[in-house]
Structure formats: structure tokens, C-alpha cells
Amino acid sequence: RKEVEQDPGPFNVPEGATVAFNCTYSNSASQSFFWYRQDCRKEPKLLMSVYSSGNEDGRFTAQLNRASQYISLLIRDSKLSDSATYLCVVNMAVSDYKLSFGAGTTVTVRA
Amino acid sequence: DGGITQSPKYLFRKEGQNVTLSCEQNLNHDAMYWYRQDPGQGLRLIYYSQIVNDFQKGDIAEGYSVSREKKESFPLTVTSAQKNPTAFYLCASSMTTGDHEQYFGPGTRLTVT
């Protein structure tokens, strides 16, 4: 089983729509969770950290469900500029700085 | 401006040649990482270093070597032993406290023919 699994998509949505997707992780002891955004042929950039209580940053909302071992990302009022691949990233061990990356979920927002 | 730089952006080499990719950071981060990304795939960890003069193998270290002589620098050498070296190489750094979120350089696209 992969450490971090994501639905690859693509999710094709019209401007203004809401889109949401999840990722699952295998290690119940995982401590830190993130969503990164990667544009085509560019480096990943940190979108937001994910906290146990859930957190919001503008149009983006992230949730963590430790019991079911998944995190989610919801994008409200989608913009054309939200088109990207979203990477789910998990720190698998308290004593380790390594991160495990999902393969990404592709979102395409159309006009 | 603080950040991570990688050079060059594009690199072309003939099969059988070693090549070294540069990574420099001025974020004062202790930890640095090298990843490889192939089309349509996730990032795979090659090597990482948590402190100067120390580094550990990641998941796909065969055919690669690194050094960490300075905190700011973590060069990666792709040797001729690496069977499929053509890929997008990403360097990252992080603090060793807190959540350990990583920050990436712009990457180097290596093509070996």
C-alpha cells in the first residue's frame, strides 16, 4: 500500500464552482500534513498546512480526519488560476524530517 | 530575498557522463533534500541531510551521490551508474523544528541521451 494515495483526477470544473478531493495516508502515527500546489513543469509550493481542527485560508479549506486517516481540500469559488496539481504531503514519523508525497490530484478550472 | 536556487534550469548530457546539480539556500535551514519527479508521478526522495557533513539515502539513492560541506549547499551528482537519469530534479530545505514543511527550488530538468 502506498504511504499517501490520491485520486489523480482530473477534476474539470467551471469557474465559480466548488471542488473537493481527499487523500489517504497509511501511517496512523503521522504528525504533520500539508497541501502543496504544483503548476505544470514548476516546483511544488506550499499551499497550506492541515491542522486537527481544520483550517481555512481564503477560498481554501483543509480538514484532517485522523480516525479514517484522510485529509481533504475544498476550493470554493474556483478561479482559472486554481488550475494546478494539488499534492497531499504527510510527515510519516515524529523523529523524522522526511515527507511523503502523493502523486497529486489535477484540477482544471474552465471559463 | 530568502530562497532556494538551483542551477542550471536545463541540462543536457551524453550517456556515461557524470553530472552535478547545484542547490543553494539562504533560508538558514538545517535540513536539505533531493527529489526526482518523473512525468505523471509523485516526488521520490533521493538523499537528504539534516546537518552539515551528514546525509542519508532516500528511497532511490542508487546511482546518485551528494555532499554537505556547507549548511547552504547540497549538490547532487548523477553518476553514469544511474540507469534512467532523465528527470526533473528538485531540491528542498526545511527547518528541523516545527512541522518540517519543505520549500523547493525551481528544479533542474536533466536530459541524458
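The values are calculated or read from the model by the stated rules, or taken from the named source; none is laboratory data. Just so it is clear, the model here is predicted, and its values are computed rather than measured. Note that each Cβ is placed from the backbone with ideal geometry, even for glycine, and that neighbours are counted across all protein chains shown.
Computed quantities for the displayed model
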| read-out | value |
| --- | --- |
| Per-region count, the range B:87-113, residues within 14 Å of another protein chain (Cβ to nearest Cβ), over 16 Å from the mean Cα position of the chain (by Cα) and in contact (Cβ under 8 Å) with a residue 12 or more places away in the chain | 3 |
| For residue B:24: the one exception among (1) under 23 Å from residue B:97 (Cα atoms); (2) acidic (Asp, Glu); (3) within 13 Å of chain A (Cβ to nearest Cβ) | (3) |
| Residue match in the range A:85-102 (condition: on the phi > 0 side of the Ramachandran plot and surrounded by 15 or more Cβ atoms within 10 Å (Cβ to Cβ)) | no |
| Qualifying residue in the range B:51-72 (condition: of a type in the set (S, T, N, Q), assigned to a strand (DSSP E or B), in contact (Cβ under 8 Å) with a residue 24 or more places away in the chain and out of contact with any helix residue (DSSP H, G or I) (no Cβ under 6 Å at 6 or more places or on another chain)) | no |
| Residue ranges of strands (runs of 3 or more DSSP E) in chain A with at least 1 members more than 23 Å from residue B:103 (Cα to Cα), of a type in the set (Lys, Arg) and at pLDDT 95 or above | A:105-110 |
| Among (1) within 12 Å of another protein chain (Cβ to nearest Cβ); (2) touching a helix residue (DSSP H, G or I) at 6+ places or on another chain (Cβ under 8 Å), the one test that residue A:75 misses | (1) |
| Leading residue by the ranking (surrounded by the fewest Cβ atoms within 10 Å (Cβ to Cβ)) among those in the range A:1-19 that are within 22 Å of residue A:64 (Cα to Cα) and among the β-branched types (Val, Ile, Thr) | A:18 |
| Filtered residue count, the range B:8-35, keeping only those that are in a strand (DSSP E or B), of a type in the set (Gly, Ala, Ser) and more than 11 Å from the chain's Cα centre (by Cα) | 1 |
| From the options A:37, A:66, A:59, A:41, residue that is surrounded by fewer than 15 Cβ atoms within 10 Å (Cβ to Cβ) and closer than 22 Å to residue B:41 by Cα | A:41 |
| Test: residue in the range B:36-46 that is of a type in the set (Val, Ile, Thr), within 22 Å of residue A:102 (Cβ to Cβ), within 14 Å of chain A (Cβ to nearest Cβ) and in a strand (DSSP E or B) | yes |
| Given (1) loosely packed, with under 14 Cβ neighbours inside 10 Å; (2) away from every other protein chain (no Cβ under 14 Å); (3) farther than 23 Å from residue A:102 by Cβ; (4) modelled with pLDDT under 95, number of the condition residue B:84 does not satisfy | (3) |
